[in-house]
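Beneath this line is the structure, given in structure tokens, with notes to follow.
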Amino acid sequence: MKLPIILILDDDPQVLRAIERDVRKEFRKQYRVLSTTVASEALATIADLKLKNEVVAMFLSDQRMPEMLGVEFLEKARQVYPAAKRILLTAYSDTEAAIKAINDVQLDYYLLKPWDPPSEKLYPVLYDQLDEWQKQFVPEFEGIKVVGYQYSSFSHKIKDFLSGNLIPYQWLDVTRSTKANELVGLAKLTAAELPAVFFEDGSQLARPSLAEIAEKIGLQSKATEKLYDVAIIGAGPAGLAAGVYGGSEGLKTLLIEKRAPGGQAGTSSRIENYLGFPKGLSGAELSHRAITQATRFGVELLSPQEVAEINIEGNYKKIKLVDGSEVNCRAVVITSGVDYRKHPAEGIDDFSGAGIYYGAAMSESTACQDQDVYIIGGGNSAGQAAMYLSKFACKVHIAIRKPDLSASMSQYLIDQIAGTENIEVLGKTNVIAVAGDGHLEKVTLEDTDSKEQREVGAAAMFIFIGARPYTDWITGIIKDEKGFIETGQALHKYDAYQKTWKVSREPFLLETSIPGIFAAGDVRAGAMNRVASAVGEGAMAIKFVHEYLTEV
């Protein structure tokens, strides 16, 4: 933790040196001491310190200064650091002004010049005031601060990115937080420039792109090597497993992720059926462990970075990224996973990121405090989200079209949900419309049998209604009618396979219709859609990469 600051102001350089010397001598182990002879410079310093999340414990200011009186300076300083102690240094003739200031500007104390000996006339006063300050002092959050509007899709996107990359941050809603408005004012930002991200070094980015944030916090988005043995597209469980095995087996491995490691599994609050973790673990924890493991084996991670297309040149694959740069590799493993399908309810697009979220969106859980929330879908991800949100929400409603959860959810989750008082399962229920003023407020539900409709209040809705593969960007590779990538023997049923496959051997089990390009995890047709199977496929893909590389 940074040391709190004692800031001293006196326009007489000789007096300033003397008071600074005495204060520093006694308090340097517990406090940092800053000083200046110019009031305007002191005020600029205070604003800068606030943006850097520094803490000022005390101001000591001379009363008679040419630019402004000490009392005036202390009043301005109080607006930025209201809890800091304010002490006036005065000559005997200024005692009346000092006494008046105690009442007018809530001055904490005044000291007469000279203060010799400091052990009797200075230190006891400062100790008393600083002890009183320490009793009231509560350390502020140290780290990134995101300031914006709660029901802003742009704000949600930034929060989701930071939490997905396990970057600690503090969310400040400008409509509710005094601290948020204070930071906006100090940075001289307008409402149109929000959301803004404030960093520990005092800098800020207004309405930043994810790439700008990533660069600022030190994430890598540019490849460093000219050629890789294998490039893995997508850092969900399958991609992370492929990265760990590729790196551990000596392959020069590149992992490319468009948002944050972990994929859909990374947003799960608790995975309880993953082998070897009897108490369960969160998706974020699993992702963090896997990234640490992959990095240890020399795997290079680009995030956030997105692939635009894959081109073939002889035995090499050229991956073109959305920023225009290219990556050269000998083999590719596609583990880009799936996205949740868009809900067709009327008005749904109007509130995306403003009360309606696809997936768990744990970054929005605190906004659900003591509110009614709805979860749409009956799979394991929906169940895990319900259990997590039940810690915050007044009530969690799970709306599903089927009569109950037995057909689509693991029994351990069904049992947990049944034992949680503030979770309600609404069987044979469909959401047909949503409404609100700037953010989600109401949901219209329909009974699938009787077609009876009712409107209910809702602060948030989390959607888990099946998946569509993230493969729209892929061309030249055989996919099924839903867009999932076909691999192995399943390719034989497609006429296009006979036209494009020009290698004498059969495709490997996880190989696509293009030799040397593999698919693993949820993006692959026929995948099991379980974390453990995705991890297994990712590891298996590297085995086939090795076999392919021996051919070329």
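General remarks:
- Hits in region 471-488 - residues which are of a type outside the set (Asp, Glu) and open to solvent by 40 Å² or more (accessible area, probe 1.4 Å): Thr475, Gly476, Lys479, Lys482
- Against the numbered list (1) on the phi > 0 side of the Ramachandran plot; (2) buried (at least 19 other Cβ atoms within 10 Å of the Cβ), Gly314 comes up short only at (2).
- Of all the listed residues (Pro278, Pro304), the sole one being more than 26 Å from Tyr548 (Cβ to Cβ) and open to solvent by 70 Å² or more (accessible area, probe 1.4 Å) is Pro278.
- Ile465 vs. criteria in contact with a Ser or Thr (Cβ under 8 Å, 6 or more places away or on another chain) and aliphatic (A, V, I, L, M): no
- Restricting Ala238, Ala260 to residues that are in contact with a helix residue (DSSP H, G or I) (Cβ under 8 Å, 6 or more places away or on another chain), assigned to a helix (DSSP H, G or I) and open to solvent by less than 40 Å² (accessible area, probe 1.4 Å) narrows the list to Ala238.
- When every residue of region 444-457 is checked against the conditions, none turns out to be within 30 Å of Ser282 (Cβ to Cβ) and buried (at least 16 other Cβ atoms within 10 Å of the Cβ).
- Of all residues in region 136-147, those satisfying the criterion of being open to solvent by less than 70 Å² (accessible area, probe 1.4 Å) and of a type in the set (A, V, I, L, M, F, W, C) are Phe137, Phe141, Ile144, Val146, Val147.
- Test: residue in region 34-52 that is in contact with a Gly (Cβ under 7 Å, 6 or more places away or on another chain) and open to solvent by less than 50 Å² (accessible area, probe 1.4 Å): yes
- Long-range neighbours under 8 Å by Cβ, at least six apart or interchain, first residue without any contact (Cβ under 8 Å) to a residue 60 or more places away in the chain and under 15 Å from Ala385 (Cβ atoms) within region 456-478, second hydroxyl-bearing (Ser, Thr, Tyr) and surrounded by fewer than 19 Cβ atoms within 10 Å (Cβ to Cβ): none
- Test result for Ala539, open to solvent by less than 30 Å² (accessible area, probe 1.4 Å), at negative phi and part of a helix (DSSP H, G or I): yes
- Residue within region 495-515 that is under 31 Å from the mean Cα position of the chain (by Cα) and either within 22 Å of Glu306 (Cα to Cα) or open to solvent by 40 Å² or more (accessible area, probe 1.4 Å) (or both) present: no
- Every pair of residues 6+ apart whose Cβ atoms lie under 7 Å, when the first sits in region 388-402 and is open to solvent by 80 Å² or more (accessible area, probe 1.4 Å) while the second is basic (Lys, Arg): Arg401/Lys428
- Considering residues of region 319-328 that are surrounded by fewer than 14 Cβ atoms within 10 Å (Cβ to Cβ) and not small (Gly, Ala, Ser) only, the residue nearest to Leu255 (Cα to Cα): Glu326
- When Pro114 is tested against (1) in a helix (DSSP H, G or I); (2) under 30 Å from Arg64 (Cα atoms), just one condition goes unmet, and that condition is (1).
- Matching residues, region 403-426, being open to solvent by less than 30 Å² (accessible area, probe 1.4 Å) and within 19 Å of Glu455 (Cβ to Cβ): Leu426
- Test for Ala231: is it under 17 Å from Ile310 (Cβ atoms) and either hydrophobic (A, V, I, L, M, F, W, C) or surrounded by fewer than 24 Cβ atoms within 10 Å (Cβ to Cβ) (or both): yes
- For Asp522: the one exception among (1) buried (at least 18 other Cβ atoms within 10 Å of the Cβ); (2) of a type in the set (Asp, Glu); (3) farther than 21 Å from Gly379 by Cα: (3)
- Being of a type in the set (S, T, N, Q) and at pLDDT below 95 is true of Thr475.
- Scanning region 358-373 for residues that are assigned to a strand (DSSP E or B) and open to solvent by 10 Å² or more (accessible area, probe 1.4 Å), we see that the one that is modelled with the highest pLDDT is Asp372.
- The listed residues are Lys226, Lys216, Lys222, and the only one of them that is within 14 Å of the chain's Cα centre (by Cα), open to solvent by 20 Å² or more (accessible area, probe 1.4 Å) and either under 23 Å from His288 (Cβ atoms) or modelled with pLDDT under 95 (or both) turns out to be Lys216.
- The strands (runs of 3 or more DSSP E) found entirely in region 148-210 that carry 2 or more residues being open to solvent by 50 Å² or more (accessible area, probe 1.4 Å) and either within 23 Å of Gly359 (Cα to Cα) or at pLDDT below 95 (or both) are 169-173.
- Unique residue being assigned to a helix (DSSP H, G or I), modelled with pLDDT under 95, of a type in the set (A, V, I, L, M) and more than 37 Å from the chain's Cα centre (by Cα) when the list is Val23, Val71: Val71
- Residue that is nearest to Ser268 (Cα to Cα), among those in region 219-235 that are in a loop (DSSP other than H, G, I, E, B) and among the hydrophobic types (A, V, I, L, M, F, W, C): Ala235
The values are calculated or read from the model by the stated rules, or taken from the named source; none is laboratory data. Keep in mind that this is a model prediction, so the values were computed, not measured. Using ideal geometry, Cβ is built from the backbone for each residue, glycine included, and neighbour counts are taken over all protein chains shown. Remember, those area values only see protein heavy atoms, side chains included, never the ligands or the DNA or RNA. Shrake-Rupley method; radii C 1.70, N 1.55, O 1.52, S 1.80 Å.
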